[in-house]
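Before any comments, here is the structure.
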Amino acid sequence: NQEKLSDEKTRQLQTEHLEGLEAMMRQGPALIVGPLEGSDTWRGIAVLDVDSKDKAVALFANDPWVKSGHLVVESLPWNVAKKVLQPLKGEFTDVEPCLLGILERPANAPQVSAEQGKQLQAGHMQNIYAMAASGDLAVAGPFAEDTPLRGVFVFRGSDRAHVEALVARDPAVQA
C-alpha cells in the first residue's frame, strides 16, 4: 500500500539498492543475492554470513527500498555445509538462472514414529546427495528454527519440471 513512485525515483532507488547489494557481496557479509520471480510473498533473497537475525536485518537498515517502506526484511537462520558458499568472484552482474526451493511442512503432514522419521531422513539425505552428484543441486540446508519452513534447495538452471521431478523422488516429500 505504498505510494506509486515515478519512473525516475524507481530507477534511483533500484540503482542505490543494487549498489548496496554489490558492496555487501564484495565486502563479505553477502554470499548470494538475487531477485525472486513468481513469488507473491518474497521479492528477493540474500544469503548472509552473519551470526544473528538482528545483524542480518541491520545490514539492510539503509537499503533505499527498506527505508522507503516498500520492502521489509525477514530473517530466517539457515544452516549450510561449511565452505560451500564463497565470496563473490567476477562481476556482480554476471548472473545465471537458478531455482530456489523452500521445503515447508504442511499443516496436515502425517505423524510418523521415531523409526519412520529416521528412515525418511535417511532417504531425504540420499536424494540430496544424488541431486548434488548429478550437478543439479548447488546447495541445500535446513532452517535453524523449528517452524513450518524446513529447508532450502538451490538448483542450477531454470527447468522447473526437471527440478520438480528430482524433488518428487524425495521420500520426505512423498510422505
message = Against the conditions (1) farther than 24 Å from Glu3 by Cα; (2) modelled with pLDDT under 90; (3) among the hydrophobic types (A, V, I, L, M, F, W, C), where does Trp42 fall short? Just the number, please.
response = (1)
ask   = Taking region 44-79 as the region of interest, how many residues are more than 16 Å from Pro29 (Cβ to Cβ) and in contact with a His (Cβ under 9 Å, 6 or more places away or on another chain)?
value = 3
request  = Identify, from the list Glu74, Glu115, the residue that is in a helix (DSSP H, G or I) and acidic (Asp, Glu).
outcome  = Glu115
ask   = Under the condition of being of a type in the set (Gly, Ala, Ser) and assigned to a loop (DSSP other than H, G, I, E, B), which residue from region 47-71 is nearest to Pro148 (Cα to Cα)?
value = Ser52
query = Filter region 19-45 for residues that are without any contact (Cβ under 8 Å) to a residue 24 or more places away in the chain and part of a helix (DSSP H, G or I); which is least open to solvent (accessible area, probe 1.4 Å)?
reply = Ala23
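Okay, residues lined up against (1) outside any loop (DSSP other than H, G, I, E, B); (2) of a type in the set (Asp, Glu); (3) over 16 Å from the mean Cα position of the chain (by Cα):
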site: Val95; (1), (2), (3): no, no, no
site: Leu100; (1), (2), (3): yes, no, no
site: Ala107; (1), (2), (3): no, no, yes
site: Gln119; (1), (2), (3): yes, no, yes
site: Gln126; (1), (2), (3): yes, no, yes
site: Ala130; (1), (2), (3): yes, no, yes
site: Val139; (1), (2), (3): yes, no, no
ask   = Assuming Ala81 fulfils every condition listed in (1) small (Gly, Ala, Ser); (2) within 18 Å of the chain's Cα centre (by Cα); (3) modelled with pLDDT of 90 or more apart from one, which condition is it?
value = (3)
query = Which pairs do you get when a residue that is at negative phi and in contact (Cβ under 8 Å) with a residue 12 or more places away in the chain, found in region 154-172, comes within reach of a residue that is β-branched (Val, Ile, Thr) and open to solvent by 60 Å² or more (accessible area, probe 1.4 Å), reach meaning Cβ atoms under 7 angstrom, with the pair 6+ apart or on two chains?
reply = Val167/Val173
request  = Please go through region 104-124 and pick out each residue that is at pLDDT 95 or above and within 27 Å of Trp42 (Cα to Cα).
outcome  = His124
message = Checking Thr10 against (1) of a type outside the set (A, V, I, L, M, F, W, C); (2) open to solvent by less than 60 Å² (accessible area, probe 1.4 Å); (3) within 26 Å of Arg150 (Cα to Cα): exactly one of these is not met. Which one?
response = (3)
request  = May I ask you to verify whether Asn108 is without any contact (Cβ under 8 Å) to a residue 12 or more places away in the chain, closer than 30 Å to Ala175 by Cβ and open to solvent by 60 Å² or more (accessible area, probe 1.4 Å)?
outcome  = yes
ask   = Hey, among Ala114, Ala172, which residue is open to solvent by 80 Å² or more (accessible area, probe 1.4 Å), out of contact with any Lys or Arg (no Cβ under 7 Å at 6 or more places or on another chain) and over 12 Å from Gly101 (Cβ atoms)?
value = Ala114
ask   = Restricted to region 56-78, and to residues that are of a type in the set (D, E, K, R) and surrounded by 13 or more Cβ atoms within 10 Å (Cβ to Cβ), which residue is modelled with the highest pLDDT?
value = Asp63
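The values are calculated or read from the model by the stated rules, or taken from the named source; none is laboratory data. Owing to the predicted nature of the structure, the values given are computational and were not obtained by experimental measurement. Because the Cβ atoms are built from the backbone with ideal geometry, glycine has one as well, and the counts that use them run over all protein chains shown. Quick note on the areas: whole protein, heavy atoms, side chains included, nothing else; ligands and nucleic acids left out. Shrake-Rupley method; radii C 1.70, N 1.55, O 1.52, S 1.80 Å.
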